Amino acid sequence: MDTSEQLYELEATGWKRGLYEDIKHTFRAPIVNWIFRTTTANYPEFLRYAWGQVKPAFETARFGRFSVSYRDTILSALEAETSIPTYRRDELEVTPAEYGELRGQLATYDIVAPRLAVLFELVDRALTDEPIGTDPDRSRAATAPLPDWLDADRGRPPTMVAFDEPPEDLSDVVPAIQSFHGLDDGLPSIYRTLAQWPGYLAPMWDDLEPILEGDAFSTAVTEARAAVTDYVDSLPYVPRLDPDSLERRGIDEPAVTELQDLFRDFNRGPIETVVPTLPVYATTVDAAGVRSLQ
């Protein structure tokens, strides 16, 4: 599987364009994440089938409650030990327009964080035929629709820088980020987005790095993982993405193995520490969503 291959939204046509539109509508965020773009480029028929299997997991009131508690779980774990730094525009070397764009793009990452966490866990388990929905939620929220207002009308389409070598003003920051997450090379999308604003990323990382390296963030990652696990266990249905089901859809064993490796790496690899940082970064500029549902 060539993970450097991606089908970008502007290049998508036909049903692929429609699928991307549905992903954005369902995730309530103006972004088609890398995992969708590269899977479409490599195994489009798999993604078309898989999306239909997993989409309902993101459309219920129960998911809405989970998405809010996921954010609060992470932030509360940090706040129990320290204060998350926040920055007004005049404290950063960014223009007013840049600050507004920064806040909007961080809001988008805050929205997709719980959705990506569930996607990775759900598809990872389903591809290897591991148990899902072992303790199905029998409340009304389990099958009621996601509230229309939740995570609606906020967030801006992320833009990113592409670079092989770190910009000079981030030459110390980029290796530190890679080291923290255990990345051999490259940067996840969130950091390529934040690299557009060195006047934010550099001081923010200096302030947050010791916090992220502490026990409180480790607790946040563990508790967020537990929340995701509980949610997937509570699903009232089971998506069919096991190897036998995929074979009947014409997806052969080598493809299944590559997909298993991809989603297991995202679910249990370095990205496991990246996704929980997204609400934290949004909080630094007051762009995080609600933390409780009344």
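The values are calculated or read from the model by the stated rules, or taken from the named source; none is laboratory data. From a predicted model like this one, the values you see are computed outputs, not experimental measurements. In this analysis, Cβ positions are derived from the backbone assuming ideal geometry, glycine residues included, and neighbour counts consider all displayed protein chains. Areas reflect the complete protein model, heavy atoms only, side chains present, ligands, DNA and RNA absent. Shrake-Rupley method; radii C 1.70, N 1.55, O 1.52, S 1.80 Å.
Here are the numbers:
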read-out: All positions within region 132-174 that are without any contact (Cβ under 8 Å) to a residue 24 or more places away in the chain and closer than 25 Å to Val112 by Cα; value: Asp148, Trp149, Asp153, Val174
read-out: Qualifying positions in region 43-75 - of a type in the set (Ser, Thr, Tyr), more than 16 Å from Leu122 (Cβ to Cβ) and within 19 Å of the chain's Cα centre (by Cα); value: Ser69, Thr73
read-out: Test for Tyr20: is it open to solvent by less than 40 Å² (accessible area, probe 1.4 Å), within 28 Å of Thr219 (Cα to Cα) and assigned to a helix (DSSP H, G or I); value: no
read-out: Only listed residue being open to solvent by 30 Å² or more (accessible area, probe 1.4 Å), under 23 Å from Leu262 (Cβ atoms) and of a type in the set (D, E, K, R), chosen from Glu81, Glu45, Glu59; value: Glu45
read-out: Tally of residues being farther than 30 Å from Ser218 by Cβ, without any contact (Cβ under 8 Å) to a residue 40 or more places away in the chain and assigned to a helix (DSSP H, G or I) across region 64-101; value: 5
read-out: Hits in region 266-294 (condition: at pLDDT below 95 and acidic (Asp, Glu)); value: Glu272
read-out: Filter result (basic (Lys, Arg) and assigned to a loop (DSSP other than H, G, I, E, B)) within region 126-152; value: Arg138
read-out: Candidate set: region 202-256, residues that are of a type in the set (A, V, I, L, M) and part of a loop (DSSP other than H, G, I, E, B); chosen: the one farthest from Ser83 (Cα to Cα); value: Ile251
read-out: Subset of region 132-180 that is small (Gly, Ala, Ser) and either under 20 Å from the mean Cα position of the chain (by Cα) or open to solvent by 40 Å² or more (accessible area, probe 1.4 Å) (or both) - its residue that is nearest to Pro270 (Cα to Cα); value: Ser179
read-out: In region 257-294, the residues that are within 23 Å of Ala202 (Cα to Cα), outside any helix (DSSP H, G or I) and either open to solvent by less than 70 Å² (accessible area, probe 1.4 Å) or not charged (D, E, K, R) (or both); value: Pro270, Val275, Pro276, Thr284, Val285, Ala287, Ala288
